[in-house]
Every structure is written in C-alpha cells, then in structure tokens.
1. Please work out the Cα center distance from the stretch 110-140 to the stretch 1-78, rounded to the nearest Å.
2. Out of I190, L160, Q150, whose Cα points farthest toward the positive end of the dipole of the stretch 125-210 (charges: +1 Lys, Arg; -1 Asp, Glu; placed on Cβ)?
3. Restricting to Cα atoms and excluding each atom paired with itself, what does the Kirkwood estimate give for the stretch 1-45 in Å?
4. GNM, the chain, Cα, under 10 Å: largest mean-square fluctuation among D88, D151, D166?
5. Add -39500 (n - 2.57) for each DSSP H run of 4 or more in the chain, then divide by its residues: what number comes out at 222 nm, to the nearest 500 deg cm²/dmol?
6. Using alpha carbons only, what's the Rg to Rh ratio of the chain with Rh from Kirkwood?
7. Can you list the equivalent-ellipsoid semi-axes of the stretch 40-136, largest first and in whole Å, using the square root of 5 times each Cα gyration tensor eigenvalue?
8. How long, wide and thick is the stretch 85-147, going by the Cα atoms along their three principal axes, in whole angstroms, largest first?
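The values are calculated or read from the model by the stated rules, or taken from the named source; none is laboratory data. The model shown is predicted, which means the values in this text are computed figures rather than measured ones. Every residue, glycine as well, gets a Cβ built from its backbone with ideal geometry; the counts of neighbours run over all protein chains shown. In case anyone asks, the SASA skips ligands and DNA or RNA and just uses the protein heavy atoms, side chains included. Shrake-Rupley method; radii C 1.70, N 1.55, O 1.52, S 1.80 Å.
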Amino acid sequence: EAPKPLAGRTAIVTSGPTHEPIDPVRYIANRSSGRQGHAIAAALAKLGAKVTLISGPVTIADPAGAETLHVETAEEMLQVVLSHLPADIAVMVAAVADWRVASAAGQKIKKQQGEAPPPLFLTENPDILKTVGHHPQRPKLVVGFAAETQDVETNGRAKLERKRADMIVANDVSPETGVMGGSRNRVKIITAGGTDEWPDLTKDEVADRLAALIAARLG
Ligand code: C5P
C-alpha cells in the first residue's frame, strides 16, 4: 500500500478546453487535450484525495480514482466548480476560453450567397481561477497554470498575484516545444518563495511531482 498523505482531503481539478457556442453547430475553443489536467486528478487521487475533475470536451478517458464531471462552456465550468466549494485543494488546469460569443444564434447561421461574412461579437468569460482565489470559501491551496509563448516567468508571477494563487505552474507552449497535445512538459513552479525549474518530464511525472508538492505544502 502506497502512503496516502492526502487522505481526508478534497480536491477540485479543471481540465481540457471549453467550447463556446457560435450557433448550434459551431464553437470557439482553445487547444487543449486535457492530458495534464487529467493526469493531475489521477495523481491527487493516488495520494488519497477525494478528487472531483471538472472537464471540458476532451477525447481522452476519464482518469481512474476521480469523479469526473463533463461541461462545455466556461460559465458551466464555473458553476460546477463553485458548487464543489468548500474544498482543500483547487488545481485549475483547464484552458478556458477568454471570450464567448455575446449572443449565440439559436439556429445555424446560414451562408448567404453574395453577402459579407457575419461578424462575431465577443464578451468576456468569467475567470474561474481568479474567482476561486478570491472566494470567501477559498481552498487552502489554489494552484493555477500559465501557458505562455513568451516571458514565461514574468507572466506567471503576475498571474500568481492577480489571481491570488499559491502556486503557478508555468510552461512554454510555443508550437516548437510540442507541449500542446504532446505527452511531455517542462514547467517552472512559481510561488511567493521563488521559482523552481523542473526538468523535461512526462505529463504523468509532472502530475506525480505536483501532487507530492501539494501534499508537502498542506503538511
Ligand atoms: O490568464 P490565463 O488564462 O493565462 O491564466 C491561466 C490560468 O487561469 C489557468 O490556471 C487557467 O485554468 C485559469 N483560468 C480560468 N478561467 C479563465 C481563464 C483562465 O480558470 N477564464
């Protein structure tokens, strides 16, 4: 039997993209496979936590050991996250769409011969991590991710403060890194105490290390 340092702890994990409808057949989304978030949910469960994974649309299987709830949009994801507070741990890995279409069409938008393409008017989505970080029932440990293509550490540290997170896992997702959709990840762990650079690891290894770090921080 492996040690269970997170026994008796509850954790909320978000994973995957969100899909924001344009009309019943079209949507806006971010590139996210859900692999890192799902691996983190499994890793926390292995350490004994009671894990609720709230996942956007993904093609990978629900992870072992966690209760997985499926949502489509950022607004749905926020509601399901808030309905699971209080919790001890929140790890927000989902690549949430920053914007949604202000008023999605109820019927498929038809292409009209000779007419200009329709404009899309966007409105801001709720920031789930920031909402949780500032919530009266804020979990003891709030962890966010920062997928950047430049200035990874500066941007990650700004997020730590703005979203009131205890830890930001920052990574470079430039196309040449192969991180997006791939099985490996190279991350920096940003906390108030400093920055720790982890070596190139599989997403499962990142998840196991992160779960161990979370367990250590909760004591
Ligand atoms: O600001 P940015 O999207 O880069 O921040 C990334 C972090 O914030 C991730 O942890 C992501 O899951 C979270 N986030 C969120 N809701 C949003 C946008 C980002 O929870 N609307």
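1. Each part's Cα centre sits 19 Å from the other's.
2. With unit charges placed on the Cβ atoms, the residue in question is L160.
3. On the way: mean 1/r = 0.0770 Å⁻¹.
One decimal place: 13.0 Å for the Kirkwood radius.
4. D151
5. Details: 5 runs with 54 residues, N = 219.
That calculation yields -7500 deg cm²/dmol at 222 nm.
6. Values: Rg = 18.0 Å, Rh = 18.0 Å.
When Rh is taken as the Kirkwood radius, the ratio is 1.00.
7. Working: eigenvalues 233, 55, 18 Å².
Whole-Å semi-axes of the equivalent ellipsoid: 34, 17, 10.
8. The Cα atoms of the stretch 85-147 stretch 57, 24, 15 Å along their principal axes.
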